[in-house]
Structure formats: C-alpha cells, structure tokens
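Down below is the structure, laid out as structure tokens.
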Amino acid sequence: MGIQAISTALADVLEDLNINLYDYGPDAMQPPAAYIYPENVQFNVVAPTGVDEATWIIRILAASTNTQGGQTQLNDLIDAAVPAISDANTLNDVVQSAIVREMRNYGVLQLPDTTRYYAADLVVGILV
C-alpha cells in the first residue's frame, strides 16, 4: 500500500469539484479547498476478507463564516464528493475499494490565522 498514492488518487477523483485540493496537510490554503490525509493505517494485518483496511479523511473547507451562502457551499461540496468517490470505487486501480463511510465534525473550523470556515470531514474506508 502506498500511502501517498492513495492520498493522491483521492485528490484526483475529486478534481471535478473545482476546488483547491491538497493530498497533504498544507501550511496554508485558500478555500474552497480539501485536504486529504490518512487517519488509520494497519500494516501487515490481513482482515477476515483477505484484504487490509485503512481510513482516510477528506477535510472540506468551504467559504468563511462571513460569506453568505457558505454553509450551502459546504453542503454542495459534500453532496458532490460522496458520489465522486463511490463512482471511482478503486481510485483508478490504486486500491481494491474506497467508500465514504460517514461525515463528521460538520460545523465551523477556526484556522490559526483566526479565520473561521464552514468545514466537514468525510471518512473514507479503504480496502487494499
């Protein structure tokens, strides 16, 4: 399993969202944006299904809370990201399967510069 390859493949399938995509945790970003990172990766463990499992997070940041329609923009991005991942289930043959399992941390995220953005995390289950 290539950790960076999976992060990059997730970013690639989200290109049609027309937002800034980062397959790493950037020092700074310009929303609307998403950054992708592994949350839980087990090495050398084979699940009962015969494949290893991992979890990636796609953190989506929409408009700042000072922007009218920011929450609607976040909702639209989530609604577009989930089927984009489902439709590209193998992430162009990088993994056996990728599926959005849940959304969490929906709300306002404050960055170190004190700017507040509407944000949510998509939890993606990966089978490799």
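Mind telling me which of the residues Val46, Val82 ends up being at pLDDT below 90 and among the hydrophobic types (A, V, I, L, M, F, W, C)? Quick ask: steps written out before the conclusion?
Numbers: Val82 fails: at pLDDT below 90.
Going through Val46, Val82 in turn, the sole match is Val46.
When you scan segment 59-82, how many residues do you find that are in contact with a helix residue (DSSP H, G or I) (Cβ under 8 Å, 6 or more places away or on another chain) and in a helix (DSSP H, G or I)?
3
The conditions are (1) among the aliphatic types (A, V, I, L, M); (2) free of Cβ contacts under 8 Å to residues at least 12 places away in the same chain; (3) surrounded by 15 or more Cβ atoms within 10 Å (Cβ to Cβ), and Leu111 fails exactly one of them. Which is it?
Going through (1) among the aliphatic types (A, V, I, L, M); (2) free of Cβ contacts under 8 Å to residues at least 12 places away in the same chain; (3) surrounded by 15 or more Cβ atoms within 10 Å (Cβ to Cβ) one by one, Leu111 breaks only (3).
Looking at segment 94-108, which of the residues that are touching a helix residue (DSSP H, G or I) at 6+ places or on another chain (Cβ under 9 Å) and without any contact (Cβ under 8 Å) to a residue 60 or more places away in the chain is surrounded by the most Cβ atoms within 10 Å (Cβ to Cβ)? It would help to see each step written out before you state the result.
Just the residues of segment 94-108 that are touching a helix residue (DSSP H, G or I) at 6+ places or on another chain (Cβ under 9 Å), to begin with: 94-95, 98-100, 103, 106.
Going one step further and asking which of them are without any contact (Cβ under 8 Å) to a residue 60 or more places away in the chain, we end up with 99-100, 103, 106.
Working: Ile99: 13, Val100: 18, Met103: 15, Tyr106: 15.
Per the stated criteria, the residue is Val100.
Identify all residues within segment 16-38 that are under 17 Å from Trp56 (Cα atoms), not in a loop (DSSP other than H, G, I, E, B) and not β-branched (Val, Ile, Thr); write none if there are none.
As a first pass, look at segment 16-38 and keep what is under 17 Å from Trp56 (Cα atoms): 21-26, 33-38.
Within this subset, residues satisfying the condition of being not in a loop (DSSP other than H, G, I, E, B) are 21-22, 33-38.
If the condition is that a residue be under 17 Å from Trp56 (Cα atoms), not in a loop (DSSP other than H, G, I, E, B) and not β-branched (Val, Ile, Thr), then Leu21, Tyr22, Ala33, Ala34, Tyr35, Tyr37, Pro38 are the ones that fit.
Among Val108, Val124, Val41, Val100, which is farther than 15 Å from Thr8 by Cα and within 11 Å of the chain's Cα centre (by Cα)?
Working: Val108 fails: within 11 Å of the chain's Cα centre (by Cα); Val124 fails: farther than 15 Å from Thr8 by Cα; Val41 fails: within 11 Å of the chain's Cα centre (by Cα).
After applying the criteria, what remains is Val100.
The values are calculated or read from the model by the stated rules, or taken from the named source; none is laboratory data. Remember, predicted model here, so these are calculated numbers, not experimental data. With ideal geometry, Cβ positions are generated from the backbone for all residues, glycine too; neighbour counts draw on all protein chains shown.
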